[in-house]
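Remarks on the structure that follows.
The values are calculated or read from the model by the stated rules, or taken from the named source; none is laboratory data. If you're wondering where the values come from, they're calculated on a predicted model, not measured in any experiment. No Cβ is skipped: glycine too gets one built from the backbone with ideal geometry, and neighbour counts run over all protein chains shown. Areas reflect the complete protein model, heavy atoms only, side chains present, ligands, DNA and RNA absent. Shrake-Rupley method; radii C 1.70, N 1.55, O 1.52, S 1.80 Å.
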Amino acid sequence: TQLLEQSPQFLSIQEGENLTVYCNSSSVFSSLQWYRQEPGEGPVLLVTVVTGGEVKKLKRLTFQFGDARKDSSLHITAAQPGDTGLYLCAGAGGYNKLIFGAGTRLAVHP
Amino acid sequence: NAGVTQTPKFRVLKTGQSMTLLCAQDMNHEYMYWYRQDPGMGLRLIHYSVGEGTTAKGEVPDGYNVSRLKKQNFLLGLESAAPSQTSVYFCASSYGDRGPPGSSYEQYFGPGTRLTVT
């Protein structure tokens, strides 16, 4: 069974701080995605990483896929209150299905 | 484009009652999914469909049924609701294998249905 573990579960920081959240597995994934979910809404896709070692940037967010394609990280520089939300990683589980991690809940305080 | 829509947004049921959740997408996506989201457990796949007229079981299918009579719609049914089915339900869709390169696993989610079973 493929599992994705995210850490930390909760993160509460002040505006302007940097942070990193992690997504780890013992399984290899052909691709991995990061979603952000705001309260009362569905998850929204942020990025897809496909190649081992790949780094993608989305403004202040930097996503990295591990060389062995078993793990990924999301780094946010100078966090803002608008970054508050639940961050979910999801790995390609075959037959176009996704395996989701439990998420990291981020709160950025002004 | 409305994207993925879900009705209703909220519902309260008594144990043993039945209901149907409706999901509609206007992106011409082949694949559609139903998930439930519970605190600390992430999103768990209930059922999915890879095309009109086809359905398959996901990780937690017991107590639910689905139908995909039209490509744009995916219905989730609860025949006899139980308190354990209290959750937030999300529908999602994706291109599947017929979309742009690299897009097959990218899913688009609806806003969710919050269901409480008492």
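The order of B:E106, A:E17 by accessible area, most exposed first and with a 1.4 Å probe, is A:E17, B:E106. Taking one equal scatterer on every alpha-carbon of chain B, how large is log10 of I(q)/I(0) by Debye at q = 0.18, 0.19, 0.22 1/Å? Log10 I(q)/I(0), no solvent term: -0.87, -0.96, -1.26. Using a probe of 1.4 Å, the accessible surface attributed to B:R114 totals some 130 Å² when neighbouring protein chains are kept in position.
In this structure chain A gives 48 Å² per residue of accessible area when probed at 1.4 Å with all protein chains present.
Look at the stretch B:35-41: the mean tally of other chain Cβ atoms within 10 Å of its residues' Cβ atoms is 3. Couplings for segment B:73-79, taken from phi via the Karplus curve 6.51 cos²θ - 1.76 cosθ + 1.60 with θ = phi - 60°, read 10, 9, 9, 10, x, 10, 6 Hz in order; Gly and Pro are left as x. The modelled label-to-label distance between B:T54 and A:E41, using points 7 Å beyond Cα along the C-beta direction, is 3.3 nm.
Put a plus charge on the Cβ of each Lys and Arg, a minus charge on the Cβ of each Asp and Glu, and nothing anywhere else: the dipole of the protein assembly as shown about its Cα centre is then about 340 debye. Near B:P111: Cβ cut-off under 13 Å, other residues only, Lys/Arg at +1 and Asp/Glu at -1. The net charge is 0.
Placing a pseudo-label 7 Å from each Cα along the Cα-to-Cβ vector at A:Q9 and B:M27 gives an inter-label distance of 3.1 nm.
Relative to the compact-globule estimate of 2.2 N^0.38 Å, the Cα radius of gyration of the protein assembly as shown comes out at 1.02. Three principal axis extents of chain A based on alpha-carbon atoms, in descending order, are 41, 29, 20 Å.
Of the solvent-accessible surface of segment A:5-109, computed with a 1.4 Å probe over protein heavy atoms with every protein chain present, carbon and sulfur atoms account for 50 percent. Normalised by residue count, segment A:9-74 yields a Cα convex hull volume of 108 Å³ per residue.
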